[in-house]
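Pasting a structure here, questions to come.
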Amino acid sequence: MANKFNEITDKVVGEVKEMAGKLTNNEGLELKGKLQKGLGKARGVAGDVVHEIEDVKDTVFGSAKETVGKLTDNRTLELKGKFQKRKARGGITNKIIYGTGAVIGVIIIGGAIKKIVDKNITTETN
């Protein structure tokens, strides 16, 4: 979970820095933002690979437990297998929720920065 938090933080903060750099014509800040955003994306890819492997493992072992439970008339083992397979399917739902949260965060923070920069530009021109 900490890796997911770091991934989203890097993406959001990177996006904010990049936007702030563009709006203030600060190429250094814009580049730092792009780099931090890229780090967040890299963390995401690495995390996705690990989660995919875990989901496949849970699906395979869950199916095996469920089948063995059915064949041996062991209801507990069968239910454990079903639960493990559902756990793998739940991972997909979490990925969708985290991704949506990151996008919303970037939109909200980006809008706030734009308002601040617009206000500063208006103040400077008056």
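Where a number appears in this text, it was derived from the coordinates with a stated rule and is not lab data. Note that this is a predicted model, so its numbers are computed, not measured. For neighbour counting, all protein chains shown are included, and Cβ atoms are generated from backbone atoms with ideal geometry for every residue, glycine included.
Taking 0.36 nm per residue of separation and subtracting the Cα-Cα distance, what length does fully extending Phe5 through Leu39 add?
Stretched out fully, the Phe5 to Leu39 stretch lengthens by 11.0 nm.
Calculate the spin-label point distance for Leu71 paired with Phe83, positioning each point 7 Å from the Cα along the beta-carbon direction, and give it in nanometres.
Taking the simple label geometry, Phe83 and Leu71 are separated by 2.3 nm.
Please report how far the C-alpha centroid of segment 35-69 lies from that of segment 11-28, rounded to the nearest whole angstrom.
Using only Cα atoms, the two centres lie 32 Å from each other.
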